[in-house]
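Taking it in order: structure first as structure tokens, then the write-up.
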Amino acid sequence: MRVFVILPAAGIGTRMTAATGTSTPKQFLSLAGVPVLVHSLRAFLSIPRVEAIYVAVQKREIERVRQQLDEFQLGTRVHVVAGGDVRQQSVWNALEQLASQARCGEDDIVLVHDAARPLIDPATIERTIDAIAEHGAAIVGMPAVDTIKQVDRTSHGAIVTATIPRERIVLAQTPQGARCGLLQRAFSDAVADGFTGTDEASLLERAGIEVAVVAGSPHNFKITQPGDLELAEFYLRSSK
Ligand code: C5P
């Protein structure tokens with residue numbers, strides 16, 4: 001059983017760039033002197049059974065990312081591919097490259113992790129791989145601590161329509177993944193039906209594939225808005 005990783009890193013991070021006035025997407029911003037993407041890569045490279053990592057970036061960023069891989073000596077396990085207009089397209093492009101270059105078998109494992117979650121810890125990655133080996137597909141998720149409301153969005157704001165029991169809720173993080181054959185089937189079905197989801201689990205679920213949940217951590221949050229880098233630096237310092 002071989003293990004592969006896909007890191008979607010082709011977003012333009014409109015919330016962050018609009019709020020900070022910088023044109024640099026969040027995955028390339030510096031966190032404790034090292035780009036966010038490099039933190040994410042190092043976490044997966046620290047797992048010996050990860051055979052190769054496919055990073056999807058915008059076409060115009062490919063050269064810059066290749067230079068960063070050299071600068072931070074990230075080795076030959078990392079491959080850079082062109083991403084797409086939405087996250088799902090970026091992952092699909094990387095999955096196609098992975099399938100043609102590395103020839104992943106039905107039972108091999110593919111993990112997908114948002115490049116913008118730099119504080120993923122190796123132990124959680126290991127637990128996710130083990131859960132996929134046992135169940136076929138798995139995601140990292142956090143229990144909900146707040147009460148969850150369903151709403152209708154109206155021109156006057158949001159109106160509550162229902163309360164969803166929070167013990168039935170987990171907040172999906174990444175990594176998410178599955179056996180290579182299952183993930184390819186879920187993506188092909190989604191493409192055939194014109195379905196676009198914001199994570200891999202939504203594609204796996206609609207293909208009728210059971211997805212297990214592994215416990216996540218508040219540290220594994222997605223850098224999204226101003227202040228998040230400072231919070232990540234605080235977590236990094238306090239984990240040393
Ligand atoms: O946009 P969002 O914050 O959900 O992005 C999650 C991850 O997906 C980020 O690492 C981002 O770079 C990536 N992404 C991508 N291709 C896109 C949009 C987002 O690889 N077109």
Practice item. Taking the residues in the stretch 65-92 that are free of Cβ contacts under 8 Å to residues at least 60 places away in the same chain and in a helix (DSSP H, G or I) as candidates, determine which candidate is farthest from G181 (Cα to Cα). Key: E71
Review point. Out of the residues in the stretch 7-53 that are in a strand (DSSP E or B) and among the small types (G, A, S), which is most open to solvent (accessible area, probe 1.4 Å)?
Key: S30
Check your understanding: Which of the residues belonging to the stretch 77-109 are open to solvent by 20 Å² or more (accessible area, probe 1.4 Å) and charged (D, E, K, R)?
Key -> R77, D85, R87, E96, R103, E106, D107
Revision key, fill the gap. Within the stretch 67-93, the count of residues that are among the small types (G, A, S) and closer than 16 Å to F4 by Cβ comes to 2
Exercise for review: Filter the stretch 190-215 down to residues that are assigned to a helix (DSSP H, G or I) and of a type in the set (D, E), then give me how many there are.
Suggested key: 3
Check your understanding: Regarding I129, is this residue over 30 Å from K59 (Cβ atoms), within 19 Å of the chain's Cα centre (by Cα) and buried (at least 19 other Cβ atoms within 10 Å of the Cβ)?
Key -> yes
Study note, to complete from the structure: Those residues of the stretch 23-47 which are farther than 30 Å from G136 by Cα and away from the ligand (no atom under 15 Å from the Cβ) amount to S30, A32, G33, V34
Check your understanding: Which ranges mark the strands (runs of 3 or more DSSP E) fully within the stretch 106-174 that have 2 or more residues being more than 16 Å from the ligand (Cβ to nearest atom)?
Key -> 137-143, 148-154, 157-164
Study note, to complete from the structure: When restricted to G84, G75, the only residue within 17 Å of D114 (Cβ to Cβ) and either within 12 Å of the ligand (Cβ to nearest atom) or at pLDDT below 95 (or both) is G84
Review point. How many residues are without any contact (Cβ under 8 Å) to a residue 24 or more places away in the chain, exposed (fewer than 13 other Cβ atoms within 10 Å of the Cβ) and aliphatic (A, V, I, L, M) if we restrict to the stretch 191-235?
Key: 1
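Yes/no per residue for (1) of a type in the set (A, V, I, L, M); (2) within 20 Å of V191 (Cβ to Cβ); (3) under 19 Å from the mean Cα position of the chain (by Cα):
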{"residue": "E61", "(1), (2), (3)": "no, no, yes"}
{"residue": "F72", "(1), (2), (3)": "no, no, no"}
{"residue": "G83", "(1), (2), (3)": "no, yes, yes"}
{"residue": "V91", "(1), (2), (3)": "yes, yes, yes"}
{"residue": "L95", "(1), (2), (3)": "yes, yes, yes"}
Point to revise | Subset of the stretch 57-71 that is within 13 Å of L41 (Cβ to Cβ) and surrounded by 17 or more Cβ atoms within 10 Å (Cβ to Cβ) - its residue that is farthest from the ligand (Cβ to nearest atom) | key: L69
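Conditions tested, residue by residue: (1) more than 15 Å from I120 (Cα to Cα); (2) among the basic types (K, R); (3) at pLDDT below 95.
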{"residue": "Q173", "(1), (2), (3)": "no, no, no"}
{"residue": "D193", "(1), (2), (3)": "yes, no, no"}
{"residue": "E200", "(1), (2), (3)": "yes, no, no"}
{"residue": "E205", "(1), (2), (3)": "yes, no, no"}
{"residue": "E210", "(1), (2), (3)": "yes, no, no"}
{"residue": "V214", "(1), (2), (3)": "no, no, no"}
{"residue": "H219", "(1), (2), (3)": "no, no, no"}
{"residue": "K222", "(1), (2), (3)": "no, yes, no"}
{"residue": "L236", "(1), (2), (3)": "no, no, yes"}
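The values are calculated or read from the model by the stated rules, or taken from the named source; none is laboratory data. Since the model is a prediction, treat every value here as computed from it, not as a measurement. Please note: Cβ atoms are built from the backbone with ideal geometry, for glycine as well, and neighbour counts cover all protein chains shown. The protein model used for the area step is the full one, side chains on, heavy atoms only, and it has no ligands, DNA or RNA in it. Shrake-Rupley method; radii C 1.70, N 1.55, O 1.52, S 1.80 Å.
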